[in-house]
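Reading through the structure tokens given below for one structure.
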Amino acid sequence: MTTVIKTINLNAWYGEKLALIDVNTEIEENKITAIIGPSGCGKSTFIRCLNRMNDLVDIFRYEGEIIVDNININDIEPEALRKNVGMVFQKPNPFPKSIYDNIAFGPKIQGVKDKGELDSIVEQSLKKAALWDEVKDRLKDSALGLSGGQQQRLCIARTVAVEPEIILFDEPCSALDPISTSKIEDLMIELKKKYTIVIVTHNMQQAARASDYTAFFLDGKLIEFGDTKQLFRKPVEKSTEDYIIGRFG
Amino acid sequence: MLWDAWDKGADWLSIKFLTSFPSRFPEEAGIKSALMGSIWLMVLTAIMSIPMGIGSAVYLEEYARKSILTQLIELNISNLAGVPSIVYGILGLALFVRGLNMERSLISGALTLTLLILPIIIISSREAIRAVPSSIRDASYALGATKWQTISYHVLPAAIPGILTGNILALSRAIGEAAPLLMIGALTFIAFTPESIFDPFTALPIQIFNWASRPQAEFQYLAAAAILVLLALLMTMNAAAIIIRNKYQKNLKW
């Protein structure tokens, strides 16, 4: 098993507020790692560290090391890192453009100019996101005309189009209905063959169903991290158990 | 007032009115030089103020870090938007006409009007840029786009309807201004159309002001007719602003 993401003594602050405390993790290749925990526990902060999206927040800073592919993420350009570590957000956020342009944007800024090549990237990406059959006749239509679930899969296709190695999902299903949710989960399980996936979720069943490993965060600390089945069946820590069976959070 | 202008001026409106130069005989007078002057002014002002205004807005909104300096600049821009136009006229007279020796030329007028509407353009463009949801920026950054790629591919296109509307409204303010142009000494009687940006000029509001202040009744009618032309021009511009906004708003919903 290869470790693709590693954090060492990660501490993070928003202004004066300490959001992550001494987080040490190792995330494995081609697995789905779920991150659970009550609101405000630092889950989103944690995954936004991994592709330096937090850099866009003026008051954010962190200490410790984040290693992706054996490289400290501060040693490469944030743009190069984000190309390699894609992200799907909580609310589907397609660009207010056509379905085709939504997907072609990523490859275009990477320098792909050839129309035929772009066409094939768009088709392949949509197929990977299980959206091709639904939209192949209306690629030029606005992406905003799609349903919420389709928009979220479009966002996944858009992420896949720049060929990342890791995809971060920040509560991707919290705005979706159960059927769309199960489609996204199936899709993630399909995608883990090629990609390493980290998903933040509020939905305990989703973590149990879809993930291989689970990390439980509480008040900025990583309480427990381990095999999903084990963590759900026989958690080591008392607070993990309390959270899983719904005593709080 | 509108009715009064229509009542007095409608009969005087004709092609000849639009294509003749001013004259001391009311029957022969027209607004050719004033209309051409106004159009020249507007084009020049637009060329100078729109790129500068949008550029400033992008810088202040996207690049400038929050500091005392940027806060001071922001405060000043809001204040400048409220400064009476005659004050800009004095500034234009001192700076462009005298200081830079540009004389009473089109370029002096256009520069003065640029100063006048620049704060309005910056403020409205910033509003439009700020209205673009941050989720769009996040999506672009997450795909590995640089700041400039994000702004040029996503933020500006999404903000364009708001920016254009604001700019057109600012320009329509500029075209109706008489005070700053009088201050920098735009002439009231010009029997030729400007050939270059260094020529003297007149503009519609000045022509109206001039005619309206004459004692003879016929000139009052001419002023009314010129007011109608100015109003038509303004309404066309505002209509254009509304059409542009509606057209783009259809494609933009979050």
Counted residues, the range A:145-169 - those being closer than 14 Å to A:Pro94 by Cβ and open to solvent by 50 Å² or more (accessible area, probe 1.4 Å): 2
Only one of A:Ser174, A:Ser239 that is of a type in the set (Ser, Thr, Tyr), over 30 Å from A:Gln110 (Cα atoms) and in a loop (DSSP other than H, G, I, E, B): A:Ser174
Pair list, Cβ < 7 Å and 6+ apart or interchain, from the range A:224-243 residues that are within 18 Å of A:Gln205 (Cβ to Cβ) to residues that are part of a strand (DSSP E or B) and among the aliphatic types (A, V, I, L, M): A:Thr228/A:Ala34; A:Thr240/A:Ile223
Leading residue by the ranking (nearest to B:Ile120 (Cα to Cα)) among those in the range B:145-178 that are open to solvent by 20 Å² or more (accessible area, probe 1.4 Å), without any contact (Cβ under 8 Å) to a residue 12 or more places away in the chain and touching a helix residue (DSSP H, G or I) at 6+ places or on another chain (Cβ under 6 Å): B:Gln149
Residue pairs meeting the criteria (Cβ under 7 Å; at least 6 apart or on separate chains; first in contact (Cβ under 8 Å) with a residue 40 or more places away in the chain, in the range B:213-225; second of a type in the set (Phe, Trp, Tyr)): B:Phe219/B:Trp211; B:Tyr221/B:Trp12; B:Leu222/B:Trp12; B:Leu222/B:Trp211; B:Ala223/B:Trp211; B:Ala225/B:Trp12; B:Ala225/B:Phe17
Positions within the range A:69-92 being among the aliphatic types (A, V, I, L, M) and within 13 Å of chain B (Cβ to nearest Cβ), in sequence order: A:Ile76, A:Ala80, A:Leu81, A:Val85, A:Met87, A:Val88
Scan of the range A:215-235 for residues that are open to solvent by 90 Å² or more (accessible area, probe 1.4 Å) and under 20 Å from A:Phe46 (Cβ atoms), ordered by number: A:Asp219, A:Lys221
Flag for B:Ala128 being within 13 Å of chain A (Cβ to nearest Cβ) and over 30 Å from B:Val229 (Cα atoms): no
Residue under evaluation A:Ile99, criteria (1) under 30 Å from A:Lys136 (Cβ atoms); (2) open to solvent by 50 Å² or more (accessible area, probe 1.4 Å), criterion not met: (2)
Among the residues listed as A:Val112, A:Val122, the single one being open to solvent by less than 60 Å² (accessible area, probe 1.4 Å), more than 9 Å from chain B (Cβ to nearest Cβ), in contact (Cβ under 8 Å) with a residue 12 or more places away in the chain and not charged (D, E, K, R): A:Val122
Out of B:Ser56, B:Ser49, sole residue that is farther than 16 Å from B:Arg130 by Cα and not β-branched (Val, Ile, Thr): B:Ser49
Test: B:Leu80 is part of a helix (DSSP H, G or I), under 29 Å from B:Leu230 (Cβ atoms), open to solvent by 20 Å² or more (accessible area, probe 1.4 Å) and touching a Pro at 6+ places or on another chain (Cβ under 6 Å): yes
Pairs with Cβ under 7 Å, 6+ apart, first in the range B:117-139 and farther than 19 Å from A:Pro94 by Cα, second among the aromatic types (Phe, Trp, Tyr) and in a helix (DSSP H, G or I): none
Test: residue in the range B:52-60 that is within 15 Å of the chain's Cα centre (by Cα), at pLDDT 85 or above and open to solvent by less than 40 Å² (accessible area, probe 1.4 Å): yes
Contacts under 8 angstrom Cβ, first residue in the range B:90-102 being in contact (Cβ under 8 Å) with a residue 40 or more places away in the chain, partner charged (D, E, K, R) and part of a loop (DSSP other than H, G, I, E, B), 6 or more apart: B:Val97/B:Glu103; B:Val97/B:Arg104
Elements of type helices (runs of 4 or more DSSP H) contained in the range A:32-147, each with 3 or more residues being within 21 Å of B:Ser135 (Cβ to Cβ): A:43-50, A:78-84, A:99-109
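The values are calculated or read from the model by the stated rules, or taken from the named source; none is laboratory data. These numbers were taken from a predicted model, which means no experiment stands behind them. Note: ideal-geometry Cβ built from the backbone for every residue, glycine included; neighbour counts use all protein chains shown. Please note that ligands, DNA and RNA were not included when accessible areas were found on the heavy atoms of the full protein model with its side chains. Shrake-Rupley method; radii C 1.70, N 1.55, O 1.52, S 1.80 Å.
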